[in-house]
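This report refers to the structure that appears directly beneath it.
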Amino acid sequence: MKYNFISCGLRPEVCHIMELYKAFQITETLSLLENELPLVIDTPYPYVSIQDIQTVSSVFAYNIPQKIVSNLDDSLQQIAVEFAPEDSTFYKIKASDMYTVLENLAEDEIKRSNKTIGVIHMDRHIGQLQQGCQFTRLNVSRDSRGQLTPRTGSTTSVEQQLQNIISWANNQQLEEVLFIDDVVAFGDTLPIIIQKLHEKGLSKDIKLRAAVGIAASGGVWEGIEKTYEKTGIEVEYLTKVNASPEIPGKSLGMALPVSRDLTLFGGRVTNLKGGLQLIHPYMLPFSKPMPSIIRPEYQIEASQKLLEFSKVIVNTIEEYSEAVLRIGDLIDKNTGIPYTTLRCLNDTMCMPAYDVSLADYLDYSLAILNENKDTILQECLATD
């Protein structure tokens, strides 16, 4: 089995939004990304891990030492390397560093421009401390069916959020709007949002821009290309990742996993009637793993290890918070209840009560996986 490991530093000949930092000589900001990612990744089957365990764990315990968080990052990366598609080329970036660069970009764009600029943060973790009338946020994500839905913790409908954006843009008399996000992957979110905004009355005289940490290009991804084709916006980026050719059933040509989605603290969202929100981590028994992240023949084994890894995170949080972490805590922190999307488990896997500890729920989930391996694999193979 062949894997490629790249040791890379940020190239000096930056383009797009990185030219701003070069022009203004903001070396302190640039140094955050040194030894992280190059400007362009064009190696075979890139696998770029966006490491946000620090961001996720700090919501529950702010005092976990950085060394322990780094060890957790390394442990998850080892699992990725073990089960990723063959010929993958591995990269990693700390999400917090990427967030800081994008936040500084937003501040600098507002300061340097002679236009009235507004910034829309698309990721819940970016710009949390940025206040003022020129900043706002869209709390939307993709649900388990790929549709736009309110992000976990948000009670405002997508339609109302879009209407709020239009009112904000009009009230501030904006000439330019900058969308900021961590990733542009398939280019299927921002174009829909912009289309809906224009349909609802956002002036087409307002110049629209998009700046992201990582932008996918080529292959079946074409995030940069599709965004331009549908909106006319040239996505600005810190790093562009060129996809390799798709291998049906085995790889989509690249992978851009965010750490939390491979734990009990992330994944796709389902909004149920009554306001209950479910999350579906990218592992069994919660959802079928993506072949670009986990080779299909190792779906069970990889999911077992990821469940055990989630237990390590939970134990670490409990140690430093000095409290038992329960399902109710996930709801209180706007994470949602982890549950399955697999039809074969609809009558088997129970929805956890609020007072169930996460450690116990992980043990239960692992037992469900082990006891229903054959049925689960049959469904996963049928949907390939």
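What follows draws every value from the coordinates through simple rules; no lab data is involved. This one's a predicted model, so the numbers in the text were calculated from it and none came from an experiment. All Cβ positions, even for glycine, are placed from backbone atoms using ideal geometry, and neighbour counts span all protein chains on display.
Rg/Rh for the chain (Cα atoms only, Rh after Kirkwood) is 0.95. With the chain treated as a Gaussian network of Cα nodes joined by springs under 10 Å, which of Q131, Q161, Q173 yields the largest mean-square fluctuation? Top of the fluctuation ranking is Q131. Dipole orientation for the chain: of the candidates T116, C350, L148, T116 has the Cα lying most toward the positive pole (charges on Cβ; Lys, Arg +1; Asp, Glu -1). Identify all lysines with a Cα-Cα distance to K373 below 18 Å; exclude those on the same chain that are fewer than 8 residues away in sequence. Output for K373: K288, K305. Expressed to the nearest 5 percent, the antiparallel share of DSSP beta bridges inside the chain is 20 percent. Rounded to the nearest 20 debye, the dipole magnitude of the chain is 760 debye, with +1 charges on Lys and Arg beta carbons, -1 on Asp and Glu beta carbons, and the Cα centre as origin. When the chymotrypsin sites (Phe, Trp or Tyr not before Pro) in the stretch 51-84 are filtered for DSSP coil states and for at most 16 other beta-carbon atoms within 10 Å of their beta-carbon, the remaining sites are Y62. Under a 10 Å cutoff between Cα atoms, tell me which one of L162, L174, L129 has the largest fluctuation in the Gaussian network model of the chain. Ranking L162, L174, L129 by mean-square fluctuation puts L129 first.
Exactly which chymotrypsin sites (Phe, Trp or Tyr not before Pro) in the stretch 299-384 are in a DSSP loop and have at most 14 other Cβ atoms within 10 Å? Loop-located and lightly packed - Y354.
Cross-linked pairs K230/K333; K111/K207; K94/K230: Cα-Cα separations exceed 29 Å for K230/K333; K94/K230. Measuring nothing but how far apart in sequence close Cα pairs (under 8 Å, 6+ apart) lie, relative to its length, the chain scores a relative contact order of 17 percent.
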